[in-house]
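Structure record follows, encoded as C-alpha cells.
The values are calculated or read from the model by the stated rules, or taken from the named source; none is laboratory data. Remember, predicted model here, so these are calculated numbers, not experimental data. Glycine gets a Cβ as well: all are built from the backbone with ideal geometry, and neighbour counts include every protein chain shown. Accessible surface areas use protein heavy atoms only, side chains included; no ligands, DNA or RNA. Shrake-Rupley method; radii C 1.70, N 1.55, O 1.52, S 1.80 Å.
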Amino acid sequence: MTFDPRAVFANLIEKERLKGHHSAEGRAIRTLSRALSGWSSGNLSRLDVLVLCDQSIQDWLKARLKISAWSSPNFLELLEKAVAVQLITRIEAVRLQKLRNARVDANNIGTQDLEAALEFCIQLVERYW
C-alpha cells in the first residue's frame, strides 16, 4: 500500500469540515493533519513528526480519560489506563510506546516506518471521531 499524504490530508480536511474540531478527537486530528502536511511539504523533520504524533495521542488520551491537560502522568501509565478502560488495545499501546521510543533515534527511522506511524495515529483517533 502506498502512502498518499495528499489523499489522507484531503480526507481529514473534509472530516474536520463535517465533524468539527472541538472534540478531543478533532483536536488530535488537527495536530496530526499539521504533522502530515508539514512532512509532505518537507517543512518538518522526522523528529518533529514523531513529537507531534506523540503529543497529539497523549493529549487525546488525557481528554478521553478525563485527566487534566496540565497533568503530566507517565506515558506508560497513561497507556495502561487507556487499555484498562478498553480505549485502546494492548497491541496499540505497544505500538504507541514504540513510537515514543523512536524519538530517541528519529533520524534512523525509515520514511515508510514514519509514514506508517503517522497513518496509525490518524486511524487510531479516527475510530472515535
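Restricting to the stretch 101-129, and then to whatever is in contact with a helix residue (DSSP H, G or I) (Cβ under 7 Å, 6 or more places away or on another chain) and in a loop (DSSP other than H, G, I, E, B), can you tell me which residue is nearest to Ile29 (Cα to Cα)?
Trp129
What pairs come up if the first residue lies in the stretch 48-61 and is under 13 Å from Ala102 (Cβ atoms), the second is among the aromatic types (Phe, Trp, Tyr) and in a helix (DSSP H, G or I), and their beta carbons are under 7 Å apart, counting only those six or more places apart or on different chains?
Val49/Trp39
Could you grab me the full set of residues in the stretch 40-88 that are open to solvent by 80 Å² or more (accessible area, probe 1.4 Å) and outside any helix (DSSP H, G or I)?
Asn43, Lys66, Trp70, Ser72, Asn74, Val85, Gln86
Using beta carbons and a limit of 6 Å, which pairs, at least six apart or on different chains, have the first residue in the stretch 22-39 and outside any helix (DSSP H, G or I) and the second one open to solvent by 10 Å² or more (accessible area, probe 1.4 Å)?
none
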